[in-house]
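The structure appears below as structure tokens.
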Amino acid sequence: MADEIKTIEAEDGIEIAYREFLPEGAEEYPCLLFIHGSTCHGGAYGNVGPDLAEAGIGATLMDVRGHGLSGGPRGDVPVPVLLLKDIERLLGTIRGPHCAKLFLGGHSSGGGIAAKYYAEYQKNIDGLVLLAPHFHHKAPQNRRDDTGAVEVSKTKLALSLLNPSIRFLHYNIADEEDELSVADYSLNWTRATQLADYEAGLRAIDLPVVWIVGEEDDFFDVEIMRREFEKMPSQDKQFILREGIEHTMVTEESVPQMAEWIKGHCS
């Protein structure tokens, strides 16, 4: 179990970086590919990988293209579907005789990407692990009050209709002390990470799924999120509310809940 940076080559030739944490001495174990949220990277999640491995989960934390140690233009995807193809390639790398079951998960926009992958692209996973997922900029659970976290340049947004790689979206919450942090995003990026059709996307999630949300989430209305959760047709779904936890810390504070749910779906 080590924080070793590995890479795979994407379809367009760039390198996709990831960190792999495996249970020591285990021949077979459940595997989780975890996708980080906006502005950050897989290395920003502290002890999530090691703690999952300690709990018996093979955890892979990727840096999505344009983030962290992965290649590609920062905050942009030249062709939106490439992001989903990157995930497909990495899942293929993870899958093997050691992998009892394969789960896909993520935090915030990373959770939205995971849901999009299953709803719109491939069905080759055994379950979804979603931490305060952001599915779409018009989803009803998004808080409409101005938190100051995100700024939209209307001029650049208009120009991005002609050139969707123009960065029109700026995150004020990007960690300025982290040189790998990304603050600006393009229209192509939003197309790559959000459900194309929010309602249809939720209705497509029919596999085992867990949503874990902090009670003090400052980006989502938790009660509306609970209502939206019920729209998924999955017969095996669980909504976990974590008391006293806000949006950015819900992943690091919920490793035991993630591990318990994953191991409970490996029989």
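Values as computed for the structure displayed
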quantity: The chain, relative contact order in percent, only Cα pairs under 8 angstrom and at least six apart counted; calculated: 19 percent
quantity: Among Thr60, Ala183, Leu90 - extreme Cα towards positive end, dipole of segment 5-263, charges at beta-carbon; calculated: Leu90
quantity: Segment 104-167: relative contact order in percent, alpha carbon pairs under 8 Å with at least 6 residues between; calculated: 29 percent
quantity: Segment 108-267: relative contact order in percent, alpha carbon pairs under 8 Å with at least 6 residues between; calculated: 25 percent
quantity: Residue among Val79, Val209, Val64 with the largest mean-square fluctuation in a Gaussian network model of the chain, springs linking Cα atoms under 10 Å; calculated: Val79
quantity: Label-to-label distance, nm, for residues given as Leu69 and Arg226 (7 Å Cα→Cβ offset); calculated: 4.1 nm
quantity: Per-peptide average of other Cβ atoms within 10 Å, ordering 180-186, 19-25, 5-11, 126-132 highest first; calculated: 126-132, 180-186, 19-25, 5-11
quantity: Difference of contour (0.36 nm per residue) and Cα-Cα distance, Glu176 to Glu243; calculated: 21.2 nm
quantity: Segment Ser153-Glu28, extension gain: residue separation times 0.36 nm, minus the distance between their alpha carbons; calculated: 40.1 nm
quantity: Cα-centred dipole magnitude for segment 5-263, charges only on beta-carbon of K, R (+1) and D, E (-1), debye, nearest 20; calculated: 1040 debye
quantity: Rounded FRET efficiency, nearest 0.05, which uses the C-beta distance separating Leu162 from Glu4 and R0 of 45 Å; calculated: 0.60
quantity: Pair Val79, Ala196: separation of 7 Å Cα→Cβ label points (nm); calculated: 1.5 nm
quantity: Shape category assigned to segment 1-157 from the gyration tensor of Cα positions, a/c cut at 1.5; calculated: prolate
quantity: Sequence-distant aspartates and glutamates (8 or more away, or on other chains) whose Cα lies within less than 15 Å of Lys231; calculated: Asp197, Glu199, Asp206, Glu223
quantity: For segment 193-211 versus segment 58-85, the gap between their alpha-carbon centres in whole angstrom; calculated: 21 Å
quantity: Contour minus Cα-Cα distance for Arg89 and Gln122 (0.36 nm per residue); calculated: 10.7 nm
quantity: Loop-located GluC sites (Glu not before Pro) in segment 214-250, at most 15 other Cβ atoms within 10 Å (DSSP); calculated: Glu215, Glu216, Glu230, Glu243, Glu246
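Every number in this text was worked out from the coordinates using simple rules, so none of it is lab data. Just so you know, these numbers come straight off a predicted model, no measurement behind them. Note: ideal-geometry Cβ built from the backbone for every residue, glycine included; neighbour counts use all protein chains shown.
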